[in-house]
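Have a look at the structure below before the remarks.
The values are calculated or read from the model by the stated rules, or taken from the named source; none is laboratory data. Note that the coordinates shown come from a computational prediction; the quantities given were computed from them, not determined experimentally. All Cβ positions, glycine included, derive from the backbone under ideal geometry; neighbour counts span all protein chains shown. The area values use the complete protein model at the heavy-atom level, side chains included, leaving out ligands, DNA and RNA. Shrake-Rupley method; radii C 1.70, N 1.55, O 1.52, S 1.80 Å.
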Amino acid sequence: DKGNHRHFMQKEIFEQPVVVAQTLQSYIRSVEQKVSLPQMDFELSSIDRVTIIACGTASYVGMIGKYWIEQLARVPVEVDVASEYRYRDPVLAPGMLGVVVSQSGETADTLAALRHMKAGGVTTAGIINVPTSSMAREVDLLLPTHAGPEIGVASTKAFTCQLAVMAALAVNLARAKGKLTAQEESEIVRHLIEAPAAINEALGHDAEIEAMAHTIAQARDVLYLGRGPDYALALEGALKLKEISYIHAEGYAAGEMKHGPIALIDEAVPIIVIAPSGPLFEKTVSNMQEVRARGGKVVLISDAQGLAEAGEGCLATIEMPKVHPLIAPLVYAVPVQLLAYHVAVAKGTDVDQPRNLAKSVTVE
Ligand code: M6R
């Protein structure tokens, strides 16, 4: 049931404050100000390497997880898409935690990668939305997302719930590795608890995004740029736009622009820049200026501070609340989803059932 929404995708985007809160609730012990994981029969402290495997949108959760886990727990992380991982004869080592991320828990390549890791004696965990799925049954440690059924082919609420669980995993690993004080942890808990309200605030920009979608809908190509976790969001934004609006879109690490893609820039190419204020902001803005100098039309997604510094001269800006870097990807995912959604609606495509795509890819 779509309720009063036009599409399941729209309904699912707007459900995010509730389902992210629901998901976080099962990982946060608010009285103790701690993040907890379900019971496991291995020692997290013995993990000295993490490999995250997934497909599509779920693989971008892996990329963001890499930034978080390496930064917080100082454990090296490798991320790969399942279709590459399973055939490349990866090195499996003791002390490794293999993490699969999947909404359906049935994606053929991810399931095969999971089985490959298990057969090699690797301890596995799964961030999975469907609790009865094959992956949910086969992982050593099930880390459920509580997004509820996701009907739209474009993944939205599963993504932000997966991020919430990934954050919980990163924090637990950091504590187990002795890299996090109780005070730091309670600080993180405080920020995580703020995430649903910040997501809600981001949703408040819906009408504004809908208005600019008509311009973007005219484009033949769209570029998305970001650094750090926002590079993964750039990839997510481009994937979302491609799959439901059929506009060609690419996500790039902002620093890679001058290594090739800048050749594509002219007045006809909108560039979506995802850049919360923070240590990487100036760097991304300088890439943005390079693009603008070549006539590129920029949509800057940032917070008040970022927009005050760099918003002038943009085609449009979208103001996000000021949030802690750990929850920023959960919040900045929203405008990226809404933009794809409204562009697709403007183009009149089948938003929930885009051509050539299936919700769950159970064949390789
Ligand atoms: O069910 P899964 O999370 O394993 O699915 C993975 C991808 O097929 C999925 O995220 C796909 O990329 C989405 N259609 C993206 O919106």
For helix 108-119, what angle does its Cα long axis make with the longest principal axis of the chain, in degrees from 0 to 90 and rounded to 10?
30 degrees
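Quick one: net charge around Glu208, please, counting Lys, Arg +1 and Asp, Glu -1 for every other residue with C-beta under 14 Å from its C-beta.
-4
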List the pairs from Lys177/Lys242; Lys11/Lys242; Lys34/Lys359; Lys34/Lys283 whose alpha-carbon separation is above 30 Å, in the order I gave them.
Lys177/Lys242; Lys34/Lys359; Lys34/Lys283
Report, for the chain, the % of DSSP beta bridges that are antiparallel, rounded to 5.
5 percent
Note on the stretch 231-364, DSSP bridge orientation, antiparallel percent to nearest 5 equals 0 percent
So the FRET efficiency between Glu78 and Lys118, C-beta based with R0 = 22 Å and rounded to 0.05, is 0.80
Angle, helix 281-293 long axis vs. longest principal axis of the chain, Cα atoms, 0 to 90°, nearest 10?
30 degrees
Loop sites in the stretch 121-200: trypsin sites (Lys or Arg not before Pro), DSSP, at most 16 other Cβ within 10 Å
Lys179
Reachable aspartates and glutamates from Lys2, Cα under 12 Å, same-chain residues fewer than 8 places away excluded?
Glu12, Glu15, Glu150, Asp352
My understanding is that a pair violates if its Cα-Cα distance is over 21 Å; which of Lys66/Lys179; Lys258/Lys297; Lys297/Lys322 do that in this structure?
Lys297/Lys322
Using a 1.4 Å probe on the protein heavy atoms only, what accessible surface does Glu364 show? Give it in Å² to the nearest 10.
140 Å²
Could you sort Thr317, Thr215 by their accessible area in this structure, using a 1.4 Å probe and putting the largest first?
Thr215, Thr317
About its Cα centre, how strong a charge dipole does the stretch 189-281 have in debye, to the nearest 20, once Lys and Arg get +1 and Asp and Glu get -1 at the Cβ?
260 debye
Report, in whole Å, the centroid distance computed from the Cα atoms of the stretch 1-59 and the stretch 245-292.
29 Å
Measure nothing fancy, just the Cα-based angle from helix 56-73's long axis to the longest principal axis of the chain, in degrees from 0 to 90, nearest 10.
70 degrees
Relative contact order (percent, whole number), the chain, Cα cutoff 8 Å, 6+ residue spacing:
20 percent
Positive end of the dipole of the stretch 253-358, charges at C-beta (+1 Lys, Arg; -1 Asp, Glu), about the Cα centre: which of Gly255, Ser277, Ala333 has its Cα farthest in that direction?
Gly255
